[in-house]
């Protein structure tokens, strides 16, 4: 996963690697009693989850069945009351429930939502300040060929 999912534009690997799940993986990955790589993922009983365990449950790379998007990523705000949102949240909860209590999954997914919302607000505030500085002539606009990617992906990982 690290080959594509790391770096300044999206720090997925880095976020996993320094989190609790990634730390458990790094400490135990060479221990065949903890991670038996000869077994299929569905048959394994790992000490902690790998990226694949949570994100590739069906044995394929169709991560869209779990994905959610937010306004500051250039998409409209996800409608949390929509049936598709509940389906995706229930899928994530069922993944977490493999090792954690349903309450743990619910509370942590809610906390993640709040963090993403807060990050989005800070992102928009910061972007507005930079935009106003250019508009007021205090700062020069950045040349198009040097502009960073403002999709916001880097603040979610």
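No lab work stands behind these numbers, since they all come straight from the coordinates. All of these numbers come straight from a predicted model, not from anything done at the bench. Here Cβ is always computed from backbone atoms with ideal geometry, including for glycine, and neighbour counts include all displayed protein chains.
Packing-based ranking of 92-104, 45-57 yields 45-57, 92-104, ordered from highest to lowest mean Cβ neighbour count within 10 Å. Shape call for the range 1-65 from the C-alpha gyration tensor, a ≥ b ≥ c root eigenvalues: rounded (a/c under 1.5), prolate (a/b greater than b/c) or oblate? In terms of gyration-tensor shape, oblate. Here the gap between residue 104 and residue 117, fully extended at 0.36 nm per residue and compared with their Cα-Cα distance, gives a gain of 2.7 nm. Most tightly packed first, judged by the mean number of other beta-carbon atoms within 10 Å of their residues, the peptides 111-119, 137-145, 13-21 read 13-21, 111-119, 137-145.
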